[in-house]
DNA sequence: TTGTAGGCGTTATCAA
DNA sequence: TTGATAACGCCTACAA
């Protein structure tokens with residue numbers, strides 16, 4: 001087991017004071033080159049690394065960011081956040097931050113966790129996902145001046161804090177446009193109940209695309225909580241009542257259900273899902289793909305900008321999704 | 001923004017010394033009850049929480065455990081580790097530990113990360129996944145006396161360190177037994193190339209089950225790297241050459257491919273996968289399910305035992321998987 | 001440009 | 001049983 005290497009060990013070896021070593025680390029430009037090189041050589045030779053706990057005590061910064069990990073719901077949509085999490089961890093690492101995980105069952109408990117995390121570990125920032133109308137979490141963090149960024153727009157007040165999001169409406173619009181181009185007119189939409197920002201956004205794209213093409217969308221959409229069985233049920237209902245010739249869905253789960261419903265119909269009824277989850281790839285379901293890696297990277301960008309005190313021109317990033325076509329269209 | 005509450009704030013309010021507050025926190029039994037209650041009241045009233053960085057400086061312990069997050073490969077098998085990670089975070093929280101994430105591209109880089117994590121953040125322990133024969137990571141950690149537990153057996157030396165694993169052989173044996181009970185004799189196996197501990201383990205269960213039933217397994221299995229296309233290819237090959245009437249697969253990806261291969265065969269060829277990933281649930285694929293939440297919990301148990309210095313009777317845990325039957329059987 | 005002194009919040013040691 | 005003192009490793013002021 002190697003002995004603990006502190007700033008003092010380095011100082012001794014380089015025959016300078018501890019302060020000079022600290023300067024080499026934090027303000028290299030004020031150290032004479034010859035001295036700096038000697039210190040850097042000592043650092044490398046000893047494998048010295050600054051102790052975060054000690055640094056944090058002085059600076060109050062931990063170089064740690066917190067992200068919530070969700071219970072996997074149906075396991076399909078959960079993969080979206082998992083992919084985001086991976087991208088986040090990776091990008092944060094290259095920016096010199098580590099990622100810390102926490103769980104929470106509801107907003108209030110999550111806020112209690114913020115409090116705990118902040119006072120025990122002095123986290124530098126939070127990355128929130130799944131924001132919705134009137135989110136109490138963002139209000140709490142903002143009130144305390146805690147840096148944070150959300151993956152997902154604040155639907156109420158778009159300017160209130162830094163966020164990164166993917167343009168869901170553009171995604172469903174592209175899906176709808178693709179079907180229109182293929183000659184379809186009566187294109188149905190299977191979505192979530194009105195009221196959720198994300199769900200409404202995705203419905204909007206379909207609606208707007210249809211209207212632009214001169215098709216009346218009335219009666220062509222259905223709403224249901226997420227799930228495969230739910231998707232199948234309402235898709236069947238939609239097919240029976242409104243006879244759409246193609247379907248756009250708000251999620252891959254819904255699309256999977258819709259796929260069951262359209263099975264064996266002639267002519268075939270194309271179905272397009274949302275999120276391009278592994279399931280979609282596995283079964284050949286066309287889907288709208290979110291650039292999750294880039295979204296994560298931009299979140300880190302925004303965060304480091306805030307943490308370094310530099311105020312960038314823009315702190316709202318809206319990314320464009322892409323349509324991945326497979327067998328089902 | 002609330003003022004920072006330190007042990008001194010609490011001490012002042014409770015009219016005791018800082019040391020007494022510390023004792024109430026870390027050794028309550030040596031404090032007179034009356035004093036202790038007064039201090040606890042002050043702690044509650046002020047919302048005091050011990051600062052981890054300061055505590056860590058003194059004790060050298062961070063109450064942090066590290067887990068690696070993998071790049072999602074095909075996104076199907078990746079979900080296994082994601083579910084494990086969720087369970088781990090949750091259980092660790094209840095045990096008073098937080099989870100820190102890191103990424104690594106190969107074993108050497110991962111070891112470099114250990115070094116970094118250990119000297120910068122003084123992590124208390126590591127949870128490793130995906131161990132294989134002659135894993136350099138466990139050797140490195142063991143040599144330095146760093147506490148760790150692996151999810152996955154050390155295939156070379158079963159006694160060398162604490163581990164938790166799921167009995168893969170029992171899983172494929174159960175799958176095979178189920179098919180045997182349904183009247184099948186020529187049951188094929190689609191697995192990974194020999195040499196990986198996990199893959200060989202899963203093949204063993206199928207092999208043993210067949211032999212026990214008096215069926216000669218020779219020629220009834222194929223090997224391929226993981227993947228849907230790969231699974232389809234070798235399953236097709238197997239069906240053509242060895243005419244199995246049912247298939248057991250080493251993963252859901254392979255099973256998904258096999259499902260393509262057996263499509264439209266009469267009589268139907270049942271397929272059973274492994275891992276019970278969301279995809280399996282979504283498309284009705286029967287699969288062997290690992291108790292990932294429990295595995296994670298046991299990992300935390302083992303870790304806390306090591307960290308608290310108590311040496312439990314057993315530090316090797318082998319959990320039993322369960323067979324989830326769906327349409328494909 | 002380099003060195004010295006002090007303190008961040010906590011706990012271990014030892015004395016009262 | 002409680003309290004005073006020192007120390008963990010680092011960084012910021014200030015002095016040399």
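The values are calculated or read from the model by the stated rules, or taken from the named source; none is laboratory data. In this text, all values refer to a predicted model and were calculated from it rather than measured experimentally. Cβ atoms come from the backbone with ideal geometry, glycine included; neighbour counts cover every protein chain shown.
Residues in region B:55-63: is at least one farther than 30 Å from residue A:277 by Cβ, in contact with a helix residue (DSSP H, G or I) (Cβ under 8 Å, 6 or more places away or on another chain) and assigned to a helix (DSSP H, G or I)? The answer is yes; a qualifying residue exists.
Across region B:92-107, not a single residue is classified as in contact (Cβ under 8 Å) with a residue 40 or more places away in the chain, surrounded by 20 or more Cβ atoms within 10 Å (Cβ to Cβ), within 27 Å of residue A:278 (Cα to Cα) and touching a helix residue (DSSP H, G or I) at 6+ places or on another chain (Cβ under 6 Å). Taken over region B:1-12, the residue count meeting the criterion of being within 11 Å of DNA strand C (Cβ to nearest atom) and within 14 Å of chain A (Cβ to nearest Cβ) is 7. Here residue B:282 meets the list (1) assigned to a loop (DSSP other than H, G, I, E, B); (2) free of Cβ contacts under 8 Å to residues at least 12 places away in the same chain; (3) under 27 Å from the mean Cα position of the chain (by Cα) almost entirely, failing just condition (1). The residue that is surrounded by the fewest Cβ atoms within 10 Å (Cβ to Cβ), among those in region B:224-245 that are more than 22 Å from residue B:200 (Cα to Cα) and without any contact (Cβ under 8 Å) to a residue 60 or more places away in the chain, is B:240. Within region B:246-260, is even one residue without any contact (Cβ under 8 Å) to a residue 60 or more places away in the chain, more than 14 Å from chain A (Cβ to nearest Cβ) and crowded, with 16+ Cβ neighbours inside 10 Å? Checked against the condition, which is being without any contact (Cβ under 8 Å) to a residue 60 or more places away in the chain, more than 14 Å from chain A (Cβ to nearest Cβ) and crowded, with 16+ Cβ neighbours inside 10 Å, region B:246-260 yields no hits at all. Among the residues examined, residue B:30 does not qualify as near DNA strand C (Cβ under 9 Å from one of its atoms) and at negative phi. Inside region A:55-73, residues that are away from DNA strand C (no atom under 16 Å from the Cβ), at pLDDT below 90 and more than 7 Å from chain B (Cβ to nearest Cβ) make up a count of 2.
Screening residue A:120 against (1) buried (at least 22 other Cβ atoms within 10 Å of the Cβ); (2) closer than 30 Å to residue B:50 by Cα leaves a single unmet condition, (1).
Taking into account only those residues within region A:130-148 that are in contact with a strand residue (DSSP E or B) (Cβ under 9 Å, 6 or more places away or on another chain) and more than 14 Å from every other protein chain (Cβ to nearest Cβ), which is surrounded by the most Cβ atoms within 10 Å (Cβ to Cβ)?
Checked region A:130-148; the qualifying residue surrounded by the most Cβ atoms within 10 Å (Cβ to Cβ) is A:148.
For residue A:278, the criteria (1) surrounded by 24 or more Cβ atoms within 10 Å (Cβ to Cβ); (2) at pLDDT below 90; (3) assigned by TED's automatic domain parsing to the domain that holds residue A:90 hold in every case but one, which is (3).
Residue A:292: in contact with a strand residue (DSSP E or B) (Cβ under 9 Å, 6 or more places away or on another chain), within 12 Å of chain B (Cβ to nearest Cβ) and closer than 26 Å to residue A:160 by Cβ, yes or no?
yes
Of the candidates B:268, B:235, B:258, the single residue that is more than 20 Å from residue B:91 (Cα to Cα), in a loop (DSSP other than H, G, I, E, B) and over 19 Å from the mean Cα position of the chain (by Cα) is B:268.
Scanning region A:1-54 for residues that are more than 10 Å from DNA strand D (Cβ to nearest atom), surrounded by 17 or more Cβ atoms within 10 Å (Cβ to Cβ) and part of a loop (DSSP other than H, G, I, E, B), we see that the one that is modelled with the lowest pLDDT is A:31. Among the residues of region B:33-44, those that are touching a helix residue (DSSP H, G or I) at 6+ places or on another chain (Cβ under 7 Å) and more than 14 Å from every other protein chain (Cβ to nearest Cβ) comprise B:35, B:36, B:38, B:39, B:40, B:42.
Checked against (1) in contact with a helix residue (DSSP H, G or I) (Cβ under 9 Å, 6 or more places away or on another chain); (2) in a loop (DSSP other than H, G, I, E, B); (3) more than 10 Å from every other protein chain (Cβ to nearest Cβ), residue A:76 passes all but a single condition, namely (3). Of the listed requirements (1) on the phi < 0 side of the Ramachandran plot; (2) away from chain B (no Cβ under 14 Å); (3) touching a residue at least 12 places away in the same chain (Cβ under 8 Å), residue A:15 misses just one: (1).
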